[in-house]
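Everything on this sheet refers to the single structure shown next.
The values are calculated or read from the model by the stated rules, or taken from the named source; none is laboratory data. This structure is a prediction, so every number in the text was calculated from the model and none was measured. A quick note on method: Cβ atoms are made from the backbone with ideal geometry, for glycine too, and the neighbour counts reach across all protein chains shown.
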Amino acid sequence: MTHGFLWDLLYVFFFVMYFMLLWFVLADLFRDHEASGWVKTIWIIFLIIFPFLTILIYLIARGPGMQKRAMAQAQAYQEAQDQYIKSVAGGSAAEIEKAHQLLASGAITQQEFDAIKAKALAS
């Protein structure tokens with residue numbers, strides 16, 4: 001009984017691993033802007049006909065490029081996220097900093113600072 005369960009678990013593991021590799025290869029294929037549509041079509045046809053061999057060849061032949069494209073995409077996402085955060089929170093941070101300077105100089109009270117901070121964070 002246990003022997004069959006372990007084999008089933010092993011089959012499921014390799015099945016999931018195969019689909020993950022297939023997904024990574026397909027995602028990288030469509031992420032690559034240097035490859036032509038015909039090259040991508042040929043890779044996909046070979047993925048359908050000889051899936052395991054094609055994945056192995058793709059990982060060996062284009063593995064370093066996969067890493068570079070994935071890192072470039074991650075960096076672009078990070079830059080877009082940073083830009084969005086600056087555009088959304090930039091005004092709020094400036095208002096809070098200005099209010100903090102006014103609080104430090106004694107021009108406003110702590111209650112007024114808290115109100116300005118709450119208003120800036122709410123917007």
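Here's the yes/no breakdown for (1) closer than 30 Å to residue 120 by Cα; (2) among the charged types (D, E, K, R); (3) exposed (fewer than 13 other Cβ atoms within 10 Å of the Cβ):
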position: 4; (1), (2), (3): no, no, yes
position: 8; (1), (2), (3): no, yes, yes
position: 24; (1), (2), (3): no, no, no
position: 30; (1), (2), (3): no, no, yes
position: 50; (1), (2), (3): no, no, yes
position: 74; (1), (2), (3): no, no, yes
position: 87; (1), (2), (3): yes, no, yes
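Checking the structure you have, find out if any residue of the range 114-121 is among the small types (Gly, Ala, Ser), closer than 28 Å to residue 31 by Cα and in a helix (DSSP H, G or I). Looking for residues that are among the small types (Gly, Ala, Ser), closer than 28 Å to residue 31 by Cα and in a helix (DSSP H, G or I), one finds none in the range 114-121, hence no. At pLDDT below 90, more than 18 Å from the chain's Cα centre (by Cα), in a helix (DSSP H, G or I) and surrounded by 11 or more Cβ atoms within 10 Å (Cβ to Cβ): is that true of residue 70 in this structure? When the stated conditions are applied, residue 70 does not pass them. Looking at residue 59, is it at pLDDT below 90 and assigned to a helix (DSSP H, G or I)? Against the criterion (at pLDDT below 90 and assigned to a helix (DSSP H, G or I)), residue 59 does not qualify. Filtered by the rule that a residue be among the aliphatic types (A, V, I, L, M) and within 17 Å of residue 34 (Cα to Cα), the range 66-89 gives 66, 70, 71, 72.
For residue 79, the conditions (1) surrounded by fewer than 11 Cβ atoms within 10 Å (Cβ to Cβ); (2) at pLDDT below 85; (3) acidic (Asp, Glu) all hold with the exception of (2). Pairs are defined by a Cβ separation below 7 Å, a sequence spacing of at least 6 or placement on different chains, a first member in the range 6-30 that is under 23 Å from residue 64 (Cβ atoms) and acidic (Asp, Glu), and a second member that is at pLDDT below 95 and part of a helix (DSSP H, G or I); the pairs so defined are 28/66; 28/69.
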